[in-house]
Amino acid sequence: MYSRAYILLERELQKIQNYPSEGVTAFPVSEDLMNWEAQIEGLQNSIWEGFVFHLTIDFTPEYNLVPPVVKFLTIPFHPNVDPYTGQPSIDFLDSRDNWNTNYTISSILLALQVLLSNPILENPVNLEAAQLLIQDESMYKAVIQRLSQPARRQGQLKEGGLELTEEPQEHFRVIKKISFNDYYKTWSEIATSKTAEHSKNPFVGDPNFMGQYYKWKRQDLQQQKQWKLK
């Protein structure tokens, strides 16, 4: 006999296939339907337009009484996405108390699609991204473009569909404190799905960009105090 979670996920799969949502796709990768993969396209007319993010969604037999575990494999430089685990920080996924059984796979992905362009800055999990966004939005956009550029559509649109040409590499965790240049090199490997040749640091040799960055960095301690007060 099939479990309750299996039956619910099977229904959701049928809805996704019959009524696809623009910019998001999801499909199971295990026979018991407990493990899924998904893709989110950045919203049009936003900083993330043209980017495609790969995710995993892992369910438990208690679904849909509890939320699934969602992780970005293509990790964006974003205040509400953990830079090490790829887990998005959004209330209904973080707490069972905020979870509602009316949520579906499609609604989760659509909410994350909106979150990318509308970050919540009260309790960020990527403090560096949040600080940079608050202090200098144009610089934040520049960092995203430079760090994430190789992660733009990994394929070409043909006859209205996305034809992928490469599979994303798995991210890895960094546990030591590193310099900004080393951070960029590491981040480029985490946030993109291209080969190592794209990991070369485009910031080096760009005095204007680096000058702006270090000017921001000198104010970092004051920003940390402000965040602690919040």
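The values are calculated or read from the model by the stated rules, or taken from the named source; none is laboratory data. Everything quoted here is computed from the prediction, not taken from an experiment. Virtual Cβ from ideal backbone geometry, glycine too; neighbours counted across all protein chains shown.
When restricted to residues that are farther than 16 Å from S107 by Cα and not in a strand (DSSP E or B), segment 21-54 contains 12.
Among the residues of this structure, L116 counts as one that is at pLDDT 90 or above and closer than 19 Å to N45 by Cβ. Filtering segment 36-48 to residues that are within 30 Å of E10 (Cα to Cα) and surrounded by fewer than 21 Cβ atoms within 10 Å (Cβ to Cβ) leaves E37, Q39, E41, L43.
The single condition among (1) over 22 Å from I16 (Cα atoms); (2) without any contact (Cβ under 8 Å) to a residue 24 or more places away in the chain that G86 does not satisfy is (2). Within segment 80-94, the set of residues being under 26 Å from A5 (Cα atoms) and either of a type in the set (A, V, I, L, M, F, W, C) or crowded, with 19+ Cβ neighbours inside 10 Å (or both) comprises G86, P88, I90, F92, L93.
The condition of being buried (at least 20 other Cβ atoms within 10 Å of the Cβ), aromatic (F, W, Y) and over 24 Å from N118 (Cβ atoms) holds for only one of F59, F72, F51, F77, that being F59. Against the numbered list (1) at pLDDT 95 or above; (2) of a type outside the set (F, W, Y); (3) at positive phi, G50 comes up short only at (1).
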